[in-house]
1. Kyte-Doolittle cut-off 0.5, length cut-off 27 Å along the helix's own axis using Cα: show which whole DSSP H helices in chain B pass.
2. Estimate the FRET efficiency between B:ILE277 and B:THR79 by the formula 1/(1 + (r/R0)^6), using the beta-carbon distance for r and 25 Å for R0, to the nearest 0.05.
3. Could you pull out every residue, at least 5 positions away or on a different chain, whose amide H is within less than 5 Å of the one on A:ARG105? Hs are placed 1.01 Å off N in the peptide plane, and Pro or chain starts have none.
4. Could you tell me how far the Cα centroid of the stretch A:116-150 sits from the Cα centroid of the stretch A:236-267, in Å?
5. Can you compute the FRET efficiency between A:LEU120 and A:GLN259 using 1/(1 + (r/R0)^6), with r the Cβ-Cβ distance and R0 = 22 Å? Round to the nearest 0.05.
6. Show me B:118-126, A:236-244 ranked by packing, highest mean number of other Cβ atoms within 10 Å first.
7. Quick check for chain B: number of Lys pairs with alpha-carbon distance under 25 Å, counting only pairs 8 or more apart or on different chains?
8. Which residues make up the longest stretch of chain A clear of GluC sites (Glu not before Pro) that lie in a DSSP loop with no more than 13 other Cβ atoms within 10 Å, not counting the sites?
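Quick note: the coordinates plus some simple rules give every number you see, no bench work behind them. Predicted, not measured: the structure shown is a model, and the values here were computed from it. As a convention, Cβ positions derive from the backbone with ideal geometry for all residues, glycine included, and neighbour counts pool all protein chains shown.
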Amino acid sequence: MFLVNFLIRRLAQGAVIVLLVSFLIFTLLRVVPGDPVRLIVGGMAPDALVEQIAEEMGLRDPIPVQFFRYMSGVVQGDMGQSFIRPASGAAVGGASFDDNTRSERANVLDLIADTAPYTLQLAVLAMVFALVIALPIGIYGGLKPGKWPDRFALYIGSLLISLPNFWLGIVLALVVSVNLGWLPAIGYQGFSYTILPAIVLAVEIAPFLIRTLTVSVAQNMGESYISVAAIRGISHRRIVMAHALKNSSVPLLNLLGVQFSMLLGGVLVVEFIFDYPGLGLLTINAVLQRDFPLIQGIAIVTSAAFVMINIVVDLIATTIDPRLDY
Amino acid sequence: MPNTMEVIGPDAKEARARTIAQRIALGAWRSIEFRIGLFVFTTMVLLSIFWPMVSAIDPMKINIGAKLTPPVLFGENWTWTHPLGTDQLGRDMLMRCFVGLRYSLFIGLATVMIMLAVGCLVGLWAGYRGGLTDTILMRITDAQLSIPMIILAIAILGVSRPTIPAIILVLGLSGWPVYARVMRSVVMAERKREFVRGATILGASDLRIMFLLLLPLCLPPIAFVAVLDVARMIIFESVLGFLGLGVQPPTPTFGNIIADGRKYLVNAWWIATVPGIFLFLTLASLNLMGAALERSRNRVYGGKA
């Protein structure tokens, strides 16, 4: 019963958030200068044609009307069609306005569904790498607060967070890919193309994990249940592994929920540098081409993902620590 | 804070005489990483302010004859005139880095100011008022928090023209929600305390309580840790520049220098890598200071200093 209540409440709140986000993005895109119709029909089209197409697409209606029409499509699973991309493949933005060969435009939902798995693969691998870096450093640092492992965690965290991701990407591509020839870097033709981008992303995430882990492990080790456990005759190893770490993982999970948007920003840049065909590259291209429906679609999908991840995080956190009440 | 008065040890008197802000700053100053950070950061700032004034080299002057000169001690025909080499148009890299640093620092600082101002005002208002005001403001905050900042920034800057005020405004307005949340939780805890009730009984207006009593108490711990966000914003600004959505060329910024240098990576590695090292040093110094301040704050609030 608790679970049902919780889910209903959180999903309702989430729906409000997604609605707000989509309205915000929708309005912003229509308020800022730059006419997308001009991009669709090309620079040579007469003004009358621009106006005519804009009327046909409903782009001259009041914003609330447009938003209502758009949202009624979205709830039926129709996010509209891309302004620019044809269903068959490559973008043809700015093609001639009387080009009859231009085929039907791609569905926004299809575009997102095609690229999302790549991004998911990248994100998961990056998470694994980040944990591999952060777990030993963070836990060891937390076990010895004030001593050198703690300082080491602080320094390494400060240094890693200071590496700009795009610069690291370029340097790694130059050294690992061009000079050493160990890993492929640009594009996507197999799993090995994910590794280098994932490393760059992991370096970006790891400092946050290290900092959270150090603080939460140190805090838990100071609690009385830890000192009592030693009196109960439980080995130090088991106290750390089973008791302290279990409770320290709650802040780590929360971090995942809060820092989701940061992860996404990193994905965007990393995919752009490595020309990795995921959601991030799609977003950048959509923005540069003023593909409004696509930008809106991506904003809705990512904010929905944010809401879902936070719900799942809170659920897992309550199973780890039943005292937590959401 | 009155309830942490019973500090044990000889420092008790000393600790009582100082405000929390002073104690945090002093605690950070005692750590070696803060001093290193401060030293590097001050050097960088002074150099970026005065070097372009002193030196006669123009960062935008094109000198094709001297193009792609490698940095000192690397490769052939390097010169002391261009210690970090030149780019594809023969412009001096050292000077371009310093000018880029100026813009980065300016944009980073201005952005964090806006974030702090907006976030703290929203948080203060929501936390003090509570009730419906709180619910509405916090739902807006949540909504904003769930749009990835960078997507919002590139969406706006991509479709409008990226000028420096626009960049500052967009980054600042997309980064405030975290501050609003922290400020709200602190204010909610403080507003139930006796001194606030006392002030209310004495007839102080809401504005007076908020700005003269609560704000000076809650702001410093948040503002100190904002140093970390200056570093984050500098990275954001250079990412935008890298994507071509930041400060536009020919004005040099780290982002657009590196984006340019990417095309010459194999022949002239220094164009893309040297500004990155500059950026890294600046960010590392900021992050070291921020981390030291954050630790010191946690110690002060944990009652250990």
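1. On the way: long enough: B:32-54 (32 Å, 1.71); B:93-129 (53 Å, 1.50); B:215-242 (39 Å, 1.79); B:269-301 (47 Å, 0.68).
What comes out of the filter, once short or polar helices are dropped, is B:32-54, B:93-129, B:215-242, B:269-301.
2. On the way: r = 20 Å, r/R0 = 0.80.
Efficiency, from the Cβ-Cβ distance: 0.80.
3. When sequence neighbours closer than 5 places are left aside, the close amide H contacts are A:ALA87.
4. Each part's Cα centre sits 9 Å from the other's.
5. On the way: r = 17 Å, r/R0 = 0.76.
Result of the calculation: an efficiency of 0.85.
6. Answer by packing, highest mean first, reads B:118-126, A:236-244.
7. On the way: B:LYS13/B:LYS304; B:LYS61/B:LYS263; B:LYS67/B:LYS263; B:LYS192/B:LYS304.
Qualifying lysine pairs in chain B: 4.
8. Values: sites that count: A:GLU104, A:GLU223.
Value returned for the longest uninterrupted segment is A:105-222.
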